[in-house]
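A.B. asks: Pasting a structure here, questions to come.
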Amino acid sequence: MPDFDLFISYRRQDADQVRPLVAALGERGLSVWLDQHANGEFAPITDEIRRGLAQSKALLAWYSEAYPKSGPCQMELTGALLAAHREGDPRRRVIVMNAGSSGGHIEPVTCGTRNTKNSEGRVFPFGGLPELREVLEEQWKRTKAVEQARNAIVARVFHRNGKPIRDLRNSQSACDAARCPTRIPHDFRRTAVRSLVRAGVPERVAMQLTGHKTRSVFDRYDIVNEADLRAGIDKLAASGTGGSGKPETGTKTGTGTPTATIRRIRITR
């Protein structure tokens, strides 16, 4: 049986903020494992910390803006997540407290296996997209306000007053407000796939970002329109091989001439 209720993972520079939390937990009868020693940025976690993780029911990460920059903290959190996934439900073993002034430092976003259509988790690093970061930070502020008003934890990024969004077919008002009145949710998914491909992102990477497991479904979302066809012809013309000059002969490997004969076929009705 575990000896501790919680293992506190934190940056040493946040110790003054963590101690009141530890005291409050103790007053409520919870036993806490807290490392009092400072570790180097690239130092491995010690045997003492490994024993603390193994002897604790759950890990609580004091996720300040400095937390993701610490190698030991990331190793502690990763170890707890791996153990939690082996048991089947990470929410029972890992608790993250955002100690920052916003949610922008909690990155990348990780989608758990229970929250994806294909039942496979995926990671989406959004830090390089300022507009997306701004949307998520604004939504995080709204979520915090709902949590304070309802005195409850809201586990979802997007919700309706703290409750799960069950049906996206009622999103017409949001589309009207965004001046996209004819859009449906899958339109945005197709746009994301097209944008990734047109930006030159390798298709395997794009599939991992969008969560597509098969190439056939991914291609179904990567719609080719007239503008793509026109761009293809423009590239052909710019290459200098757009129908001018001597036609090519020989096989693909250049070892001879084609032997097939093209015949005219008469179609009778």
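A.B. asks: Need the failing condition index for G104 against (1) small (G, A, S); (2) at pLDDT 80 or above; (3) part of a loop (DSSP other than H, G, I, E, B); (4) closer than 30 Å to M207 by Cα, just the number.
C.D. replies: Of the numbered conditions (1) small (G, A, S); (2) at pLDDT 80 or above; (3) part of a loop (DSSP other than H, G, I, E, B); (4) closer than 30 Å to M207 by Cα, the odd one out for G104 is (2).
A.B. asks: So, of the residues in segment 35-57 that are hydrophobic (A, V, I, L, M, F, W, C) and surrounded by fewer than 17 Cβ atoms within 10 Å (Cβ to Cβ), which turns out to be modelled with the highest pLDDT?
C.D. replies: A54
A.B. asks: Does at least one position in segment 179-196 carry a residue that is farther than 26 Å from V154 by Cβ, acidic (D, E) and surrounded by 11 or more Cβ atoms within 10 Å (Cβ to Cβ)?
C.D. replies: Yes - at least one qualifying residue is present in segment 179-196.
A.B. asks: Within segment 107-142, how many residues are among the acidic types (D, E), modelled with pLDDT of 70 or more and over 18 Å from Y67 (Cβ atoms)?
C.D. replies: 3
A.B. asks: Would you confirm whether or not segment 201-221 contains a residue that is at pLDDT 85 or above and more than 17 Å from F124 (Cα to Cα)?
C.D. replies: No: zero hits.
The values are calculated or read from the model by the stated rules, or taken from the named source; none is laboratory data. Here the structure is a predicted model, which is why all the values come from computation and not from measurement. Ideal geometry is used to build each Cβ from the backbone, glycine not excepted, and the neighbour counts take in all protein chains shown.
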